[in-house]
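What follows is a single structure, written as structure tokens, with notes after it.
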Amino acid sequence: MSSNVPGSPATVSAAAEATGGLNAGNFIESEIDEQLFRFNSDDTPLMNLMLRAKRVKVNSPEVDHYMIDEPIATMKTAEAIAASQQSQSVLPLEPNQQNIARPYTTLLVHGVDGYTPDGQETTPGKWLMLFVIDHDTTSGNPVVRSINGPRINPSDELTTMPKIPAGTTLTILANSLYETQKEVDPDIIVPQPSRIFLQKRGMNQVVSDYFESQRKRLPFSKAVIAEQAIANFKVRGNRTLWAGRPGKFKVNVPKMGMQYIYTTEGLRWQFKRELQHQGRWTVERIIGLAKMFFTGEDVPKTALLLAGKNLLEQIQCIDYSAHPEIQITTKENAMGWVVTNFHTVFGDIEIKREPTLDRLGWSNSGALIGEDRLVHYVYSAEHSFSDRVGGEEAVRNGILIWDAVALKGSCHIWIDGEGMASGAEQILMWDSPEEPPVDKNGSTYYLLCDCPGIGDDARLGQTWHGVNTNVGSGSDMKVVASWSRVE
């Protein structure tokens, strides 16, 4: 600003005193928060989401963040189980899932038909159920018995084990106890946290007495933040919230010794699901995206798509003529933004441009976020100050903010239009009846049409995962894709 002392840094003054006696370390309070939120709001949507998110005060710049609170509901068989005339079998699972199903738990086997009460005929569409007896002492896997499996003789009390393919999904149901039983193993619930670093960000500014006397419309009487300074502070901070990489290292501070510096992890790298988008956007693809977002184990209240400019243009140019029932409206959402609202039967998607994605080179990408599934971690040792500049009619104001933003839940989806996939689960959309390609690490597809190339039961709206397997031996060996449905 022209009224600032040229060449001087910029920050906030003693925010505690200036805002009516708030304690130091609690700078972002509702009065200030609302003003900061509306200050250049359209340039920094992610930071404004963070300021509105659930705020958690912490006592360390290192936080163990539990992204998913839901217990595991499904497992998959690591190997196939051969049909056997035995009444029980070892259920092969991945090592990190072996102890989840405790004795007396029941498991529903997806895609494997059960049998009639006499055990002589299958019951198509009525799946097999297993009962966990114990754990195998050698492998650690559960030992299971089939409940509605085949019987050698109709009068047999126990059923035998049918064939269960590798990669079969098992849903964990309730336990089933015997008549006098009252004791049962406690559930094994060991959530896996991720380490979040809070980054300390600072801003300094020298404000002339004349500038302060102008009584700008900001929530500070003694500490006025120049518009361009705070705008720059927010924009740079917004880039960090998107793309920062986590780090922790020491620096040697004169007269103070060695001290740690922390850098926080950007939201882009926290997503557990990525949609690898190819081709043009259609109404069917948007509806499929809404279905994936709203129908998982973690169901959010709202969906906000923060989009780069090219992604926003592609969605705006979708041909809606074949879908007159689709409602595209403009409204002001709960955040105070004017957004494009896309109504689907699964839920509404609010679409807003995020300029920071363009500056980061992600114009074809976007983030589908549940607004109520963000956490704002704030370190308690926050400090603000205000000093007179010696020999000048000016005040040096400062603020230090030590915080981080993190995703909560599993609903969030990163839409990758740049072809720069990270280590998250990658989902592609497929609109052909032919079998889709499978890469060396396996591929997951959301089907936009029936796909007999995968199998007769591969239907529109389903998600399928394929892995390459070797079939045959020697010169006759070939690589084929093995497909399993993802629930």
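Quick note: the coordinates plus some simple rules give every number you see, no bench work behind them. Just so we're clear, the structure is a prediction, and the values are computed from it rather than from any experiment. Cβ sites come from the backbone with ideal geometry, for glycine too, and all protein chains shown count toward neighbours.
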Report summary line: Rounded to a whole number, the Stokes-Einstein D of segment 244-392 in µm²/s (Kirkwood radius over Cα pairs; 25 °C; 0.890 mPa s) is 131
Query raised in the report: Mind listing the phi-derived Karplus ³J(HN,Hα) values for segment 449-466, rounded to whole Hz, using 6.51, -1.76 and 1.60 with θ = phi - 60°, and x for any glycine or proline?
Result: 7, 4, 10, x, x, 7, x, 5, 9, 8, 10, 3, x, 8, 10, 10, 10, x
Report summary line: Rounded to one decimal in Å, the inverse mean reciprocal Cα-Cα distance for segment 74-212, i.e. its Kirkwood radius, is 17.7
Query raised in the report: In whole Å, what are the Cα extents of segment 293-349 along the three principal axes, biggest one first?
Result: 32, 26, 20
Query - Those residues of segment 406-446 whose amide nitrogen sits under 13 Å from the label point placed on Lys54, 7 Å along Cα→Cβ - result: 406-410
Query - Net length gained if the chain between Glu157 and Asp476 were fully extended (0.36 nm per residue, minus Cα distance) - result: 110.4 nm
**Report entry** Full-stretch length increase - Gln259, Ile133 - with 0.36 nm per residue and alpha-carbon distance subtracted
**Finding:** 39.9 nm
Query raised in the report: In nm, to one decimal, how far is the modelled label at Asp64 from the one at Asp439, with both set 7 Å along Cα→Cβ?
Result: 3.3
Query raised in the report: How high is the FRET efficiency from His110 to Met420, r the C-beta distance, R0 35 Å, rounded to 0.05?
Result: 0.55
Query raised in the report: If the limit is 26 Å between Cα atoms, which of Lys76/Lys291; Lys234/Lys255; Lys309/Lys440; Lys54/Lys250 go over it?
Result: Lys234/Lys255; Lys309/Lys440; Lys54/Lys250
Report summary line: In this structure, the FRET efficiency calculated for Val338 and Ala166 from their beta-carbon separation, with R0 = 56 Å, to the nearest 0.05, is 0.65
Query - Where N is the number of residues in segment 297-456, Cα Rg divided by 2.2 N^0.38 Å - result: 1.45
Report task. Please compute P(r) over all alpha-carbon pairs of segment 249-292, binned at 10 Å starting from zero, and give each bin as a whole-number percent. Result -> 18, 26, 18, 13, 13, 11, 1
Query raised in the report: Straight-line reach from Lys57: which lysines have a Cα under 19 Å away, not including same-chain ones fewer than 8 places off?
Result: Lys200, Lys408
Query raised in the report: For a label point 7 angstrom out from the Cα of Ile147 toward its Cβ, which stretches of segment 165-187 have the backbone nitrogen within less than 15 Å?
Result: 170-179
Query raised in the report: What FRET efficiency would be calculated for the residue pair Thr469, Val389, taking the C-beta separation as r and a Förster radius of 56 Å, to the nearest 0.05?
Result: 0.20
